[in-house]
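Inspection log for the structure reproduced underneath, given as structure tokens.
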Amino acid sequence: MGDIFEVTKKHLQKLAKTKEGQELLKQYDQTIGFEVVGKDQVSEITKKYYYPRYKGPDVIGKERFVVDVKGGTLTFRNGEDVPVPASSLEEMDKYTKILAEKQTYLDLYSGKMRPVDALVPDCEQPTRLNIWPFLPKMPYVAWINQMIKLIVKQNQ
């Protein structure tokens, strides 16, 4: 366990060392909750968060961690999550949740999959990078998309 936590941490720390990355990370103060789930868990976990009255099985992802971005500085906390759905406007401005399968994170970081393709899939295909069900504000989604693009650029 902790595979995607370590990979994400390595990539974001590397990003924070670049001028472009530093500028990007200073744009927002945000706590980003990552959840790594199995192929059979994506739908159930997304429903659990999206529908407060959902009565399905209590499914928890294989890995959870939080990345705090404050003033361009990164802090990583393994095993934690962010509150979803947001219970106030303040929480909407403070937290963003990302949920995906392990392979999706690896494909995004390596550039095998574009972030936009993971966020906005082809017709009738499931979303591979679930951010939208957790009701974030659009600028935060675009910001995370930019981070992934810069990570890919660094890895080429």
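The values are calculated or read from the model by the stated rules, or taken from the named source; none is laboratory data. Here the structure is a predicted model, which means the values were calculated and not measured. FYI the Cβ positions are ideal-geometry reconstructions off the backbone, even for glycines, and counts take in every protein chain you see. Please note that ligands, DNA and RNA were not included when accessible areas were found on the heavy atoms of the full protein model with its side chains. Shrake-Rupley method; radii C 1.70, N 1.55, O 1.52, S 1.80 Å.
Taking a straight Cα-Cα cut-off under 17 Å and skipping sequence neighbours fewer than 8 places away in the same chain, the aspartates and glutamates within cross-link reach of residue 26 are 68, 93. The magnitude of the dipole of the chain, with charges of +1 and -1 set on the Cβ of Lys/Arg and Asp/Glu and taken from the Cα centre, is near 320 debye. Shown for the chain: the carbon plus sulfur share of the solvent-accessible area, taken with all protein chains present and a 1.4 angstrom probe, equals 52%.
Pairs exceeding a 18 Å alpha-carbon distance, out of 10/102; 10/149; 19/97; 62/97: 19/97. Solvent-accessible area of residue 128, all protein chains in place: 100 Å² (probe radius 1.4 Å, heavy atoms, ligands and nucleic acids excluded).
Computed on the Cα atoms alone, the convex hull of the chain gives a volume of 108 cubic angstrom per residue.
When 73, 46 are compared by accessible area at a 1.4 angstrom probe, the order from most to least is 73, 46. The Cα atoms of segment 57-101 define a convex hull whose projected area, averaged across directions, is 4.2 nm². Rounded to the nearest 10 degrees, the angle from helix 3-16 to the longest Cα principal axis of the chain is 40 degrees. Model label points for residue 89 and residue 43, set 7 angstrom from Cα along the Cα-to-Cβ axis, are 3.7 nm apart.
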